[in-house]
Amino acid sequence: MNKTAIILGASGLTGGILLQKLIEDSRYSTIKLFSRTRIEGLPKKVIQFIGDLLDFEQFSTDFIADEVYCCIGTTAKKTPDKKLYKKIDYGIPVAAAKLAKENDIPTFLVISAMGANKASSVFYNRTKGEMEQDVLQQGIMNTSILRPSLIGGKRNERRVLEKIGIVVFKIIQPLFIGPLKKYKIINAESIAQAMLNLANNTSNTEVIITSNDIIQLAKNK
């Protein structure tokens with residue numbers, strides 16, 4: 001195969017792991033990154049398009065591929081301004097989905113969050129829910145929305161409260177059985193692998209994929 005993949009958010013934890021997997025995967029001859037900053041030291045099969053992702057139309061002619069992996073996401077700490085937060089966590093994925101539809105890209109995968117609900121009274125959950133709704137409205141043939149719980153993995157940035165939360169979750173994880181399985185910590189590695197598996201198994205009928213299902217999908221290498 002000589003597939004082309006697009007990654008949004010390749011500088012983040014999950015996106016970075018996914019990027020490495022795609023580089024090593026012989027099915028992909030071209031990987032396109034769309035971001036604000038350049039990542040150094042990447043092989044020739046990776047092409048980088050640098051610009052403002054809040055002005056997505058500038059990428060319209062280059063946004064052509066077989067698959068789009070949207071790993072974009074910020075946090076309340078990094079982006080306390082709610083208007084800017086929504087432009088990132090809602091605006092970028094929806095703009096990317098619209099462009100994918102316009103350019104006949106058949107596969108679109110996006111990371112959302114557990115608790116996403118367009119009717120939620122919680123701003124962050126509501127934003128994710130609205131994003132999911134408007135991504136699905138594009139009608140892209142193979143759309144997968146992943147809803148991970150707390151994501152574990154080594155980040156370059158310091159997130160003190162999140163680290164504390166992960167430690168606490170690890171202690172109480174044995175209590176998460178049955179319906180509570182979806183609340184277990186999930187490694188970014190599992191999310192990246194699940195996305196790759198989903199993109200290469202278009203017979204999957206599930207659109208919304210919760211954390212425990214992401215873990216199972218990641219095992220099917």
**Prompt:** Among the residues of the stretch 93-115 satisfying the criterion of being open to solvent by 10 Å² or more (accessible area, probe 1.4 Å) and hydrophobic (A, V, I, L, M, F, W, C), which is farthest from V68 (Cα to Cα)?
**Reply:** M114
**Message:** I'd like to check something: does the stretch 91-113 contain any residue that is in a helix (DSSP H, G or I), of a type in the set (F, W, Y) and either closer than 18 Å to Q137 by Cα or at pLDDT below 95 (or both)?
**Reply:** no
**Request:** State all residues of the stretch 73-90 that are assigned to a helix (DSSP H, G or I) and under 20 Å from I7 (Cβ atoms); if no residue qualifies, say none.
**Result:** K87, I88, D89, Y90
**Of all residues making up the stretch 45-92, the number that are in contact (Cβ under 8 Å) with a residue 60 or more places away in the chain, open to solvent by 20 Å² or more (accessible area, probe 1.4 Å) and closer than 20 Å to D104 by Cβ** = 2
**Message:** Just the residues that are farther than 20 Å from Q20 by Cα, open to solvent by 10 Å² or more (accessible area, probe 1.4 Å) and of a type in the set (V, I, T), please, taken from the stretch 182-221.
**Reply:** I185, T202, T205, V207, I208, T210
**Fill in**
Among residues of the stretch 191-211 being of a type in the set (G, A, S) and over 16 Å from M1 (Cα atoms), the residue farthest from the chain's Cα centre (by Cα) is S203
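The values are calculated or read from the model by the stated rules, or taken from the named source; none is laboratory data. Nothing here was measured: the structure is a model prediction, and the numbers come from that model. As a convention, Cβ positions derive from the backbone with ideal geometry for all residues, glycine included, and neighbour counts pool all protein chains shown. All accessible areas refer to the heavy atoms of the entire protein, side chains included, with ligands and DNA or RNA removed. Shrake-Rupley method; radii C 1.70, N 1.55, O 1.52, S 1.80 Å.
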